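First up is the structure itself, then whatever we jot down about it.
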Amino acid sequence: MEDKYNDLKTRLIEVNDLNAAAALLYWDQSTHMPPGGAAARARQMATLERLAHEKFTDPAIGRLLDELEPHAESLPYESDEASLVRITRRFYDRETCVPAEFTARLASHSAECYQVWAAARPANDFARVRPYLEKTLDLSRELADFFPGYDHMADPLIDYRDYGMKAEAISAIFADLRAELVPIVQAITAQPPADDACLHKSYPEADQIAFGLDIARRFGYDFERGRQDKTPHPYTIKFSLGDVRITTRVKERDLKEALFSTLHEAGHALYEQGIKMDYEGTLLARGTSSGVHESQSRLWENIVGRSRGFWEHFYPKLQAAFPGQLNGVSLDTFYRAINRVEKSLIRTDADEVTYNLHVMLRFDFELALLEGRLAVADLPDAWRARFEEDFGLTPPDDSDGVLQDMHWFAGMIGGQFQGYTLGNILSAQYYDAALQAHPSIPDEIERGEFGTLHGWLKDTIYRHGRKFTAAELTERITGGPLRIEPYIRYLRTKYGALYDL
Ligand code: ZN
């Protein structure tokens, strides 16, 4: 058994190496590659991904799993060996379910659709991308049908990012959350918006980057095993457990942009850097779901990085870094500015309170499109109507409406957005559990210390990688399933104080 287990690991590590090489090519493409490299780079990444897929779906891996499973079942569920076999089986079955011919067709359509969208968005031309999006919807349904036995057609698509979550359960959670959020948003936006002029002075790029990196380091991001570069859209990427990189973008006249994107990506990176080293190169060596991953980026960015206590410590340092811009601006004014709530058009710019309404709108439309209740042709009108209902705002055009996110135009329709809101909900639930274990955490944050919180998260979440599903992890940490109450309580407490609700 030992030999077979090692054989499986060796094969998985080879697959991982091909994927890591493709990831490095992607990172280079978005950070340093000259434009002339684009055409060959797309081909090079596709070649590596195809080879990785071929190696992973090799029937020899299926045979090894067949032979290892009886032994794995005799081991404790959470042993590394049993977990590796279990998780590999899940991915192997999923990858072998989908014919290679379909995967190639989807990839080439996605690439084409993305190109058309990239031109259509600035031109405000939904009609141009509409036939491509219709084909994406057909392909998304075709993909779901490779996984028979689902309750909702979105379920197998949701599994790609948030394994085990079901459309019906998510809809119920979102409906409860929406009922709580809408009155809070209305009460806040009935008041004049917070003055955030202090964030929109001129802030030199190098100083902004230095300040963000210093906080990431204090959070516990290990620069011996990471680095930060600039990209148009910030993300975190891992080539090995010893090399987890983050990216950011800087706007000279918006202090929030680089600072909070750095804290957000640092949260993702802390998760990946915290995974047990023994898992290197296997399917266990990754965060377990989009929702749990987002719970960590949001916890560090928002619950910690947008809290009053955090800035009690860091605001004097920020003032020292930018004296001309911030001397004379009180902590109170700054704290209100970074937590300004407003009805806005763009999801990625939205504040903590309104953000989830943007996500729910997209999630509901994904279900309606898959079910055939909504036609792609009617999507822009449906978007405007729902936006008016939820935000009291009408998007002036499709560029800042239905065309704003690349997700549907670069992949599939279904399972693309729920993780962001699941992450927000889980961030509060996990943080509550951390406080129960260590009531001293808020005092430490006020002193600029994060070791206890980081250590607890590493121990309860990060080190396990993909060993437990999101639901299993939440059960282990909180003793129950995902619940919206801690998140609602968090928002009510924080914004109740800020807006005298
Ligand atoms: Zn994120």
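About its Cα centre, the chain has a charge dipole of approximately 820 debye under the convention of +1 per Lys or Arg Cβ and -1 per Asp or Glu Cβ, with nothing else charged.
Rounded to the nearest 20 debye, what is the charge dipole size of the stretch 2-123 about its Cα centre when +1 sits on each Lys and Arg Cβ and -1 on each Asp and Glu Cβ? Dipole size: approximately 760 debye.
Here's the picture: charge each Lys and Arg Cβ at +1 and each Asp and Glu Cβ at -1 in the stretch 167-499, and of L241, I477, L403 the one pushed furthest to the positive end of that dipole is L241. Shown for the chain are the DSSP H helices of 15 Å or more along their axis, judged by Cα atoms, with a mean Kyte-Doolittle hydropathy of at least -0.5: 38-56, 59-73, 100-123, 126-144, 167-189, 205-219, 255-273, 355-371, 418-437.
Over the stretch 107-187, accessible surface divided per residue gives 48 Å², non-protein components excluded, 1.4 Å probe.
Expressed as a whole percent, the accessible surface of the stretch 124-219 that belongs to carbon and sulfur atoms is 52, based on a 1.4 Å probe. Over the chain, dividing the summed -39,500 (n - 2.57) contributions of all DSSP H runs of at least 4 residues by the number of residues returns a 222 nm mean residue ellipticity of -20500 deg cm²/dmol. Here the stretch 194-271 and the stretch 303-356 have alpha carbon centers that stand 15 Å from each other. Could you please state how large a percent of the accessible area of the stretch 1-71 is carbon and sulfur, counting protein chains only and using a 1.4 Å probe? Here it works out to 56 percent.
Among the listed pairs K4/K276; K343/K494; K55/K230, those with a Cα-Cα distance over 29 Å are K55/K230.
Semi-axis lengths, largest first, of the ellipsoid equivalent to the chain are 35, 28, 23 Å, with √(5λ) applied to each eigenvalue of the Cα gyration tensor. Remark: relative contact order (the stretch 2-123) = 25 percent; criterion is Cα-Cα distance under 8 angstrom and separation of 6 or more residues.
Consider all pairwise Cα distances in the stretch 440-501 and report the whole-number % of them above 16 Å. I get 64 percent for the Cα pairs in the stretch 440-501 exceeding 16 Å. Annotation: amide H of K251 within the under-5 Å range of E257, A258, sequence separation 5 or more or interchain, hydrogens built in the peptide plane. Choose one of F102, G149, L270: the residue whose Cα lies farthest towards the positive end of the charge dipole of the chain (beta-carbon charges +1 Lys, Arg; -1 Asp, Glu; about the Cα centre). Towards the positive end, the residue furthest out is L270.
The C-alpha radius of gyration of the stretch 126-261, expressed as a fraction of 2.2 N^0.38 Å, stands at 1.50. Where in the stretch 391-422 does the amide nitrogen come within less than 14 Å of the point 7 Å from the Cα of T348, taken along Cα to Cβ? Once the point is set 7 Å along Cα→Cβ of T348, 400-401, 403-410 turn out to lie under 14 Å by backbone N, inside the stretch 391-422. Here the scattering of the stretch 2-123 is modelled by Debye summation over its C-alpha atoms, one equal scatterer each and no solvent; at q = 0.11, 0.15, 0.16 Å⁻¹ the log10 of I(q)/I(0) is -0.52, -0.81, -0.87.
Here the stretch 308-463 exposes an accessible surface that is 46 percent carbon and sulfur, computed with a 1.4 Å probe and the other protein chains kept in place. Roughly speaking, what % of Cα-Cα pairs in the stretch 231-315 are separated by over 18 Å, rounded to a whole number? Cα-Cα pairs of the stretch 231-315 separated by over 18 Å account for 48 percent. Toward the positive end of the charge dipole of the chain, with +1 on the Cβ of Lys and Arg and -1 on the Cβ of Asp and Glu, the farthest Cα among P183, P193, A111 is that of P193.
Accessible area ranking (1.4 Å probe, heavy atoms, ligands and nucleic acids excluded), largest first, for E257, E81: E81, E257.
Taking the DSSP beta bridges with both ends in the chain, the antiparallel portion is around 60 percent. Calculate the FRET efficiency for A39 and F102 from the Cβ-Cβ distance with a Förster distance of 30 Å, rounded to the nearest 0.05. That pair, A39 with F102, gives E of 0.75. Across the chain, the mean sequence separation of Cα contacts (distance under 8 Å, 6 or more residues apart), normalised by length, yields a relative contact order of 20 percent.
Fully extending the segment from R227 to A172, taken as 0.36 nm per residue of separation minus the present Cα-Cα distance, adds 15.8 nm.
The values are calculated or read from the model by the stated rules, or taken from the named source; none is laboratory data. These figures come from a predicted structure and were not determined experimentally. Quick reminder, even Gly has a Cβ in these numbers, built from the backbone with ideal geometry, and neighbours come from all protein chains shown. Side chains included, ligands, DNA and RNA excluded: accessible areas come from the protein's heavy atoms. Shrake-Rupley method; radii C 1.70, N 1.55, O 1.52, S 1.80 Å.
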